[in-house]
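**Student:** Attaching a single structure in structure tokens format; questions to follow.
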Amino acid sequence: MLKRIAIAVLGALVGWAIVVIPVRAETDQGATLFETHCVGCHINGGNIIRRGKTLKLKALEKNGYGTEAAIAEIVTNGKGNMSAYQDRLTAEEIQIVSAYVLDQARQDWQKH
């Protein structure tokens, strides 16, 4: 009986690691991409060029960018003062950084 419990616990831990480790790696990659390509204008989710166009959740939603897909669209193609990144980032990197931005916005850009 004890052996079955140990196997079940071990299986749960392995399953948890399989799910959590890739998510953590993607979050880290999103942070790295953001630091490399975005932080120059969007430090802490702000915007040094256009005050009202921040990456805070309320501003994203107000401006029509409250989803990963909408964020990915503007990252890919740019708009106004926002540069397009389709030539600098892969489609996968754009999705990763878009998910990171939305996740950070939902957390109000709190430091971890």
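**Student:** Could you work out the local net charge near residue 36, counting Lys and Arg as +1, Asp and Glu as -1, over the other residues with Cβ closer than 12 Å to its Cβ?
**Tutor:** -1
**Student:** Give me the number: length gained by fully extending residue 62 to residue 83, i.e. 0.36 nm times residue separation minus the C-alpha to C-alpha distance, one decimal in nm. Could you put the intermediate results ahead of the total?
**Tutor:** Working: separation 21, 0.36 × 21 = 7.56 nm, distance 2.01 nm.
Additional length available on full extension: 5.5 nm.
None of the figures in this text is laboratory data; all of them are computed from the coordinates on show. Only a predicted model underlies this, so the values are computations on that prediction, with no experimental measurement involved. Please note: Cβ atoms are built from the backbone with ideal geometry, for glycine as well, and neighbour counts cover all protein chains shown.
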